[in-house]
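Below you'll find the structure, written out as structure tokens, and then a few comments.
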């Protein structure tokens, strides 16, 4: 499903454009530069990232999940946009979705307070279950 959302030119976009929100890129040039530097250093000498799956990640497959699931999406996420995350949340029994404001795909970087808070809240509510 996700590849069908991408026009052929999408992969030619700079990685920080794909992963960081417009508001972050506009207001935090220093953070954007550091994100870009770390991304480039992580790629040095490494092959392109390709994360193969054991089985196709279909809606039918994720509907079989029985573990607690927290889906996180940034409201400006181009890689896993909120409408797709909402579809996944409706498909996975008992799944929860947090859409983080003013974030792209790298919400952990842009808004670590919101990102960490969503995860900690999810874990606290499941403690002892």
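The values are calculated or read from the model by the stated rules, or taken from the named source; none is laboratory data. Here the structure is a predicted model, which is why all the values come from computation and not from measurement. Every residue, glycine among them, receives a Cβ derived from its backbone with ideal geometry; neighbour counts consider all protein chains shown.
Computed values, structure above
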{"item": "Matching entry among 28, 11, 46 (being modelled with pLDDT of 95 or more and either surrounded by fewer than 16 Cβ atoms within 10 Å (Cβ to Cβ) or out of contact with any strand residue (DSSP E or B) (no Cβ under 7 Å at 6 or more places or on another chain) (or both))", "result": "28"}
{"item": "Qualifying positions in segment 83-122 - free of Cβ contacts under 8 Å to residues at least 24 places away in the same chain, crowded, with 17+ Cβ neighbours inside 10 Å and within 12 Å of the chain's Cα centre (by Cα)", "result": "85"}
{"item": "Helices (runs of 4 or more DSSP H) contained entirely in segment 58-129, each with at least 3 residues that are in contact with a helix residue (DSSP H, G or I) (Cβ under 7 Å, 6 or more places away or on another chain) and under 27 Å from residue 31 (Cβ atoms)", "result": "107-110"}
{"item": "Checking residue 33 against (1) within 18 Å of the chain's Cα centre (by Cα); (2) closer than 13 Å to residue 110 by Cα, the condition it does not meet", "result": "(1)"}
{"item": "Checklist (1) over 28 Å from residue 127 (Cα atoms); (2) in contact (Cβ under 8 Å) with a residue 12 or more places away in the chain applied to residue 74, failing item", "result": "(1)"}
